[in-house]
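Quick note: the coordinates plus some simple rules give every number you see, no bench work behind them. What you see is a predicted model, and the numbers here were worked out from it, not measured in a lab. Heads up, the Cβs are rebuilt from the backbone with ideal geometry, glycines too, and the neighbour counts pull from every protein chain shown.
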Amino acid sequence: MSFDPFDIKNALPIINEDSEFFPLMSSEDEEEMNNEQMPEVLSILPLRNTVLFPGVVIPITVGRDKSIKLIRDANKGKRMIGVVAQQDVAIEDPTFSQLNQVGTVALIIKMLQMPDGNTTVILQGKKRFILKEEVQSEPYIKATVETFKEIKPKEDKEFKAMISSIKDMAMSIIQLSPNIPSEAGIAIRNIESISFLINFISSNMNADMAAKQRMLEVANLRDRAKLVLEHLTLDLQMLELKNQIQSKVRIDLDKQQRDYFLNQQLKTIQEELGGNSPDLEIENLRLRAAKKKWGKEVNDHFNKELEKLVRTNPAAADYSVQINYLELLLDLPWNEFTKDNFDLKRAQKVLDKDHFGLDKVKQRIIEYLAVLKLKHNMKAPILCLVGPPGVGKTSLGKSIARALGRRYVRMALGGIRDEAEIRGHRKTYIGAMPGRIIQAIKKAGAANPVFILDEIDKVGNDFRGDPSSALLEVLDPEQNSTFYDHYVEVDFDLSNVMFIATANSLSSIQPALLDRMEIIDVSGYTIEEKIEIAKQHLVPKQREAHGLKPKDITIKNDVLEKLIEDYTRESGVRSLEKKIGSVVRGVAKTIAMGDVHTPLVNKKELEKILGAPIFDKDLYEGNDVAGVVTGLAWTQVGGDILFIEASLSPGKGRLTMTGSLGDVMKESTSIALAYLRAHAKDFNIDYKLFDQWDVHVHVPAGATPKDGPSAGITMLTALTSAFTQRKVKPHLAMTGEITLRGRVLPVGGIKEKILAAKRANIKEIILCKSNRKDILEIKEDYIKDLQFHYVTDMREVIGLALLDEKVANPLDLTVKDELKPVMN
């Protein structure tokens, strides 16, 4: 229970000087107040952090402009307003619907201008009301109200006992709380009206606004008294418990002093007996330090810190902190290495066994290990594996560690925002600990592990520092031999650690950090590769995880192909593994229930387990109307295809673009339209059409942000198709950037885009001639069904993409007769 001292001590004398109101209300005062006529329309003052009860006087600091205007207007008239608590205290300017429905009519007793410039209003609650309808919202809320009907119970023995209990508990709380003034107890003893007593205690008790609002809304006085009694009981129990805890703390402090003297006596006794436990602990640290292979600098630092520990009182808090620090120095693997296995043929076999495909990546890793074998140090660029999720970037690190015979540690960088996560905290801070780099090295137990820095592109930064900048020292071969952790306070050599970073995208990596790494693209898999990965790795793994034997389930290639094409659409194999797990669980369920089953899973059984196909590649095959072109896009999760639609409508030549397009993509559309206007004759288009028809370009999946220059030729093809009403060839897709001169420029992410095109059953692809080198890096077996057209100019693109046959022109119905010839 918390009484406001301003309410009792300060407000009361001010009110008495004017003889307007005395807060301790008698039964006659209450009856007179209830008989007062309430206006039908009231100005409504929202209260943010308090609830006003009838008969209670409270001071309110008014800060909102609307509220100040309301108070001043009301003070000029009858000084009667409606006071209502708002439902959400965080709202600065609540509307009528955001107020509670039950409030209190209030009389403005006094309006004070405080020395700090704020306006304080002393209000006296009169009677409850219910909000009906809003009359006005500006400059402040006015509303029609009706009287809240209160139910007074019979004053039987039970009710009188309840009121007596409320008074007794309130007095007990006042006695137990040193912050509550004694005037509060006097006020409670002198209150005659039972209703006002409950209102007075409800207003001042230690309860939140929601609880007080519930008390205000209870019509039956008996029920309200019961609710108040419950809250007082809880408050009294909390105060008694608090006093018990404070008493216990005092006892604990006395016990701590007693323990200190006993420890001092014990120390003296142990010294007399020839040694003590702290000395024994320190001697153990000395013995462990003698066996370490660290350098002179670390040895001197350790001895200095050990001497500091000797001078520290074992009962002091710093003693355990110093012990932990010295044990960390001893646990770190200073110049302790595991022996490398440089059998590169074995390493090649390990990589081939663990990962199917990824030939270029595995070749680069073998080259890396070959240099390490010849040079015997790691001063080489840090490898960074970049690719969509689920392609095996992190598991490649495990395979490298297994091939070399090194320890494996992994550090997830996703969401790290504190520089101390990398460099550690200074020992002067409470709860200080080393950075995660040092912690991982300690966990590895060797100074040359394979260290995976996972999701390096998802490192954040805020006011606590920039972890990306802290990683610059870790990943620089010229600097990481003297890596400084704030907690360790001694340089640690990281040059023998084999760091391998992984990322989904390079766009969010700091340029300076990117410069220190060698980027290796780990692109997605073709359907053929996915089938082999499923056969060699995923099916056996899921079968073993679900307790099945090889004879219990068999999935042939054609079923795996259907599973890949109809139920997954990704560059990696993570979703594929989940779907295979679902199939294996379906078979496991059949076996466990004793039903008849055949080990061979066919396509019909596949649909029975997984349901209808999720993806329908037929949706991506046809460009059946003019102005619709299939483009190829790159995303962080691999390649994808998208449609670009262009349509014309009578107008004045305006260009509209929709589909959540980025600035670069919008610029590509503007360039395409500008080029088409400038070269309209080359495509048999009358230039007048550009001024008489509005153009609308839309890219479906409008909720997905799209950006980049690679849609340039697709935009121009869609616009040309719309203006000439020539359809685009079916099963055709394209990607490339354009210039105002009509040149086609190369773009990136070709392999991912080609894989997406093949998944969507595309047969022909138009690319820039400079992208031919990207196609040569893809195995011929994977692209044998695709036909590639390499172009350098937009005229070549239009010649390859558009059919000579025109569609029935829907615009002919609205075009004027004199313009029809120009559409031919």
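Can you compute 3J(HN,Hα) from phi for each residue in segment 698-714, using the Karplus curve 6.51 cos²θ - 1.76 cosθ + 1.60 with θ = phi - 60°, rounded to whole Hz and x for Gly and Pro?
Values per residue, Gly and Pro as x: 10, 10, x, 6, x, 7, 9, x, 9, 7, x, x, 6, 8, x, 5, 5 Hz.
Which of 349/375; 530/751; 308/443; 393/535 have a Cα-Cα distance over 25 Å? The partial results should precede the final answer.
Working: 349/375 23 Å; 530/751 15 Å; 308/443 27 Å; 393/535 20 Å.
Exceeds cut-off: 308/443.
Straight distance only, please: which aspartates and glutamates reach the Cα of residue 427 with their own Cα at less than 18 Å, same-chain residues fewer than 8 apart left out?
305, 307, 318, 327, 331, 418, 419, 485, 489, 491
Give the calculated FRET efficiency between residue 656 and residue 701 to the nearest 0.05, with a Förster radius of 22 Å applied to their Cβ-Cβ distance.
On the way: r = 18 Å, r/R0 = 0.80.
The computed FRET efficiency comes out at 0.80.
Cut-off is 10 Å between beta-carbons; in what order do 258, 48, 224 appear when sorted fewest neighbours first?
258, 48, 224
From the helices alone, meaning DSSP H stretches of at least four residues, give me the mean residue ellipticity at 222 nm for the chain, per-run term -39500 (n - 2.57), in deg cm²/dmol to the nearest 500.
Details: 30 runs with 354 residues, N = 824.
Calculated from helices alone, the mean residue ellipticity at 222 nm is -13500 deg cm²/dmol.
Non-local amide H neighbours of residue 218 (under 5 Å, H modeled in plane, Pro and chain starts lacking H): which ones?
none
Once label points are set 7 Å from the Cα along Cα→Cβ at both residue 679 and residue 625, what is their separation, rounded to one decimal in nm?
2.7 nm
Taking square-rooted eigenvalues a ≥ b ≥ c of the alpha carbon gyration tensor, is segment 277-331 rounded, prolate or oblate, where a/c under 1.5 means rounded and, failing that, a/b exceeding b/c means prolate? Don't skip to the end; give the middle numbers.
Working: a/c = 2.05, a/b = 1.70, b/c = 1.21.
Prolate shape, in that a/c is at least 1.5 and a/b is the bigger ratio.
Can you classify the chain as rounded, prolate or oblate using the Cα gyration tensor, where a ≥ b ≥ c are the square roots of its eigenvalues, rounded means a/c under 1.5, and otherwise it's prolate if a/b beats b/c and oblate if not?
Since a/c reaches 1.5 but b/c is at least a/b, the shape of the chain is classed as oblate.
Each label point is 7 Å from the Cα along the Cα-to-Cβ direction; what then is the distance between the points at residue 245 and residue 301, in nm?
Spacing of the two 7 Å Cα→Cβ label points: 4.2 nm.
Please work out how much length the chain gains when fully extended from residue 192 to residue 789, using 0.36 nm per residue of separation minus the C-alpha to C-alpha distance, in nm with one decimal.
Values: separation 597, 0.36 × 597 = 214.92 nm, distance 9.79 nm.
Gain in length upon complete extension: 205.1 nm.
With angles folded into 0 to 90 degrees, how steeply does helix 359-375 sit against the dominant principal axis of the chain? Use alpha carbons for both and round to 10.
Helix 359-375 sits roughly 90 degrees off the main axis of the chain.
Toward the positive end of the charge dipole of the chain, about the Cα centre and with charges on Cβ (Lys, Arg +1; Asp, Glu -1), which of 322, 348, 768 goes farthest?
Comparing the listed Cα positions along the dipole, 348 ranks first.
Lys/Arg Cβ at +1, Asp/Glu Cβ at -1, dipole of the chain taken about the Cα centre: which of 479, 200, 554 is farthest positive-ward?
554
Under a point-charge model restricted to the Cβ atoms of Lys and Arg (+1) and Asp and Glu (-1), what is the dipole moment magnitude of segment 662-801 relative to its Cα centre, in debye to the nearest 20? Present the calculation step by step, with values, prior to reporting the outcome.
Working: 21 positive and 17 negative charges, 60 e Å.
Dipole of segment 662-801, to the nearest 20 debye: 300 debye.
Charges at C-beta only: +1 for Lys and Arg, -1 for Asp and Glu. How large is the resulting dipole of segment 277-331 about its Cα centre, in Debye rounded to 20? If you can, show how the numbers build up before the last one.
Details: 9 positive and 10 negative charges, 52 e Å.
It comes to approximately 260 debye.
Between residue 562 and residue 666, take the C-beta separation as r, use R0 = 35 Å, and let me know the FRET efficiency to the nearest 0.05.
E between residue 562 and residue 666, to the nearest 0.05, is 0.30.
Tell me the label-point distance for the pair residue 686, residue 554, using the 7 Å Cα-to-Cβ offset, in nm and rounded to one decimal.
7.0 nm
Whose amide H sits under 5 Å from the amide H of residue 110, counting only residues 5 or more places off or on another chain, with H placed in the peptide plane?
Residues meeting the criterion, in which the H sits 1.01 Å from N, are 122.
Please report, in debye to the nearest 20, how large the charge dipole of the chain is about its Cα centre when each Lys and Arg carries +1 at its beta carbon and each Asp and Glu carries -1 there.
Dipole magnitude for the chain comes out near 2560 debye.
If I stretch the segment between residue 359 and residue 208 completely, what's the gain in nm (0.36 nm per residue apart, minus their alpha carbon distance), one decimal? Before the final figure, lay out the partial values.
On the way: separation 151, 0.36 × 151 = 54.36 nm, distance 6.60 nm.
Answer, rounded to one decimal: 47.8 nm.
How far is helix 317-331 tilted, in degrees, relative to the longest principal axis of the Cα atoms in the chain, given as a value from 0 to 90 rounded to the nearest 10?
On a 0 to 90 degree scale, this one is about 10.
Fully extended, how many nm does the chain gain between residue 152 and residue 505 (0.36 nm per residue separation, minus their Cα-Cα distance)?
Result: 120.0 nm gained on full extension.
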